[in-house]
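Taking it in order: structure first as structure tokens, then the write-up.
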């Protein structure tokens with residue numbers, strides 16, 4: 001299966017054209033889409049995450065790998081849906097109200113997608129009501145919030161409170177991150193998980209849904 | 001070349017100011033609302049913040065224009081207000097600074113778009129910063145501060161824009177310490193940043209945000225080793241945390257001032273505070289550094 005090892009390498013190195021053509025060839029040859037994803041593509045993104053945390057990869061490398069992953073996923077996803085495969089979970093993600101800084105949010109979304117999660121990207125400047133709606137009406141298992149500014153991070157607490165008031169406490173997990181956010185802050189506002197980097201966020205989401 | 005930045009740095013350390021966003025929130029800016037439009041809507045409250053730093057002894061104060069670039073203002077539907085918000089921001093700080101003759105360095109922050117992955121081109125970024133820099137000059141700023149930059153390519157465009165409108169520019173990056181030392185989010189080293197920003201025409205280089213004064217000392221040392229420009233340093237006063245009384249910060253004014261002595265000893269020319277710092281903290285820094 002040397003061909004498929006190349007798929008791992010293509011995702012790891014962010015070679016989107018190769019990743020896509022390798023997936024297409026494999027699918028045409030009758031490969032199991034679930035196996036492509038679970039054995040080659042997700043492990044490649046996990047390695048990207050490891051390299052990022054080890055400071056071997058930085059944001060540009062991470063985004064380029066995520067782009068290759070996304071291209072390959074687009075070919076695989078319809079087959080997975082047709083086969084009734086279950087995703088790792090559904091994550092609704094956005095920056096909190098007033099915060100327009102979406103670099104961190106996009107990194108986390110890309111890594112979660114690479115980790116096998118379905119992503120509902122709520123974008124920037126997301127109100128507590130919109131987060132609640134994503135949980136109640138779109139079936140999100142996890143709400144992931146990002147804030148870059150110390151001035152917008154109180155919106156995380158407002159959203160956690162809104163989730164409680166909507167009676168969704170415990171039914172949907174909340175994870176948070178962003179430059180000024182700490183584990184202590186997460187504990188103080190009652191969030192279920194915290195990560196200070198995009199790769200760690202995948203680990204946290206997996207733990208929360210385990 | 002002699003300009004106001006170089007001149008001020010000869011009498012170092014120069015005390016700059018502290019955080020603005022949290023000060024504006026204390027005066028009623030709603031969580032999540034953009035601070036910059038307040039230059040037009042509530043100039044008197046913005047001036048209170050500027051005046052508080054002038055009264056605390058800041059020799060250089062900034063302007064409430066950190067996010068007043070076209071890319072960010074358009075997201076608030078204020079794309080037609082770029083010039084007005086920037087001009088007003090400088091005028092407000094100048095009014096407050098007149099009390100002591102403090103200098104006004106006008107703030108330009110990131111666009112939020114990454115050059116590294118093509119979300120915005122270098123040419124577009126240059127245009128965005130030229131527009132903002134021209135307005136800051138029209139308002140009468142003494143210099144421009146390009147700050148909280150995580151992408152060296154974007155910072156270099158902002159610096160070049162400031163130089164192009166004829167103002168001296170200070171360039172301040174945000175670094176994180178990892179296994180491979182201090183790097184920007186994009187992976188650039190302190191040394192790479194200092195060299196490129198110097199080439200782009202900066203009159204001083206340095207760092208703000210992301211760390212407290214103790215870690216900032218190591219960044220100042222790297223800046224000094226990598227070039228010959230005066231060094232700008234604005235460290236955080238601890239990390240914010242949530243309490244029943246709202247958001248508070250770990251490091252008190254006195255502790256922050258004591259830690260700031262380390263920055264002076266490392267040779268930083270401009271010393272102030274970023275997230276969590278207050279007029280009280282700056283007052284304590286002045287007392288510690290200019291007894």
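Every read-out reported here was derived from the displayed coordinates using simple, explicitly stated rules and does not represent laboratory data. All of these numbers come straight from a predicted model, not from anything done at the bench. With ideal geometry, Cβ positions are generated from the backbone for all residues, glycine too; neighbour counts draw on all protein chains shown.
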tail above 35 Å in the computed P(r) of chain B, as % of all Cα-Cα pairs, reads 9
One can check that the equivalent ellipsoid of the range B:1-134, built from the alpha-carbon gyration tensor with semi-axes equal to the square roots of five times its eigenvalues, has lengths in Å, largest first, of 26, 20, 12
Taking Cα atoms only, helix A:198-209 is inclined relative to the longest principal axis of chain A by an angle, in degrees rounded to 10, of 80
The relative contact order of chain B, taking Cα pairs under 8 Å that sit 6 or more residues apart, comes to a percentage of 19
Taking Cα atoms only, Rg over Rh for the range A:73-115 with Rh from the Kirkwood formula is 1.10
Within the protein assembly as shown, the percent of DSSP beta bridges that are antiparallel, given to the nearest 5, stands at 15
When B:4, B:144 are arranged by how many other beta-carbons sit within 10 Å of their Cβ, fewest first, they go B:4, B:144
Expected unfolding gain across residue A:184-residue A:136 under the 0.36 nm per residue rule, minus the alpha-carbon gap, is 14.5 nm
The alpha-carbon center of the range A:91-137 and that of the range B:38-59 are separated, in whole Å, by 35
Expressed as a percent, the portion of alpha-carbon pairs in the protein assembly as shown spaced more than 30 Å apart is 48
The rounded separation in angstrom of the Cα centers of the range B:247-291 and the range A:3-59 is 48
Here the convex hull volume per residue of chain A, taken over Cα atoms and given in Å³, is 109
Ranked from fewest to most other Cβ atoms within 10 Å of their own Cβ, B:113, A:171 fall in the order A:171, B:113
Ranked from fewest to most other Cβ atoms within 10 Å of their own Cβ, A:23, A:132 fall in the order A:132, A:23
By the Kirkwood definition, with r running over pairs of different Cα atoms, the range B:99-209 has a hydrodynamic radius in Å of 14.0
Mean-square fluctuation maximum in Gaussian network of chain A, Cα pairs under 10 Å, restricted to A:115, A:29, A:178, hits A:29
The alpha-carbon center of the range A:147-210 and that of the range B:149-213 are separated, in whole Å, by 31
Partner shielding of A:52-59, as the mean number of partner chain Cβ atoms within 10 Å, equals 5
Stokes-Einstein, Kirkwood over Cα pairs, the range B:90-135, 4 °C, 1.567 mPa s; D in µm²/s equals 103
Per principal axis, largest first, the Cα atoms of the range A:2-82 extend in Å by 38, 26, 20
Expected unfolding gain across residue B:250-residue B:287 under the 0.36 nm per residue rule, minus the alpha-carbon gap, is 11.3 nm
Simple spin-label estimate for residue B:98/residue B:7, 7 Å along Cα→Cβ, in nm, reads 2.0
In this structure, the FRET efficiency calculated for residue B:27 and residue B:76 from their beta-carbon separation, with R0 = 30 Å, to the nearest 0.05, is 0.95
Between residue B:214 and residue A:38, the two model label points (7 Å from Cα along the beta-carbon direction) sit apart by a distance in nm of 4.7
Of all DSSP beta bridges having both residues in chain B, the percent classed as antiparallel (nearest 5) is 25
In this structure, the FRET efficiency calculated for residue A:77 and residue A:165 from their beta-carbon separation, with R0 = 41 Å, to the nearest 0.05, is 0.75
Hydrodynamic radius by Kirkwood for the range A:90-209, inverse mean 1/r across distinct Cα pairs, in Å, is 13.5
Output field shielding_mean for A:100-107 (other chain Cβ, 10 Å radius) holds 4
Each label sits 7 Å from Cα toward the beta-carbon; between residue A:210 and residue A:28 the label points are separated, in nm, by 4.1
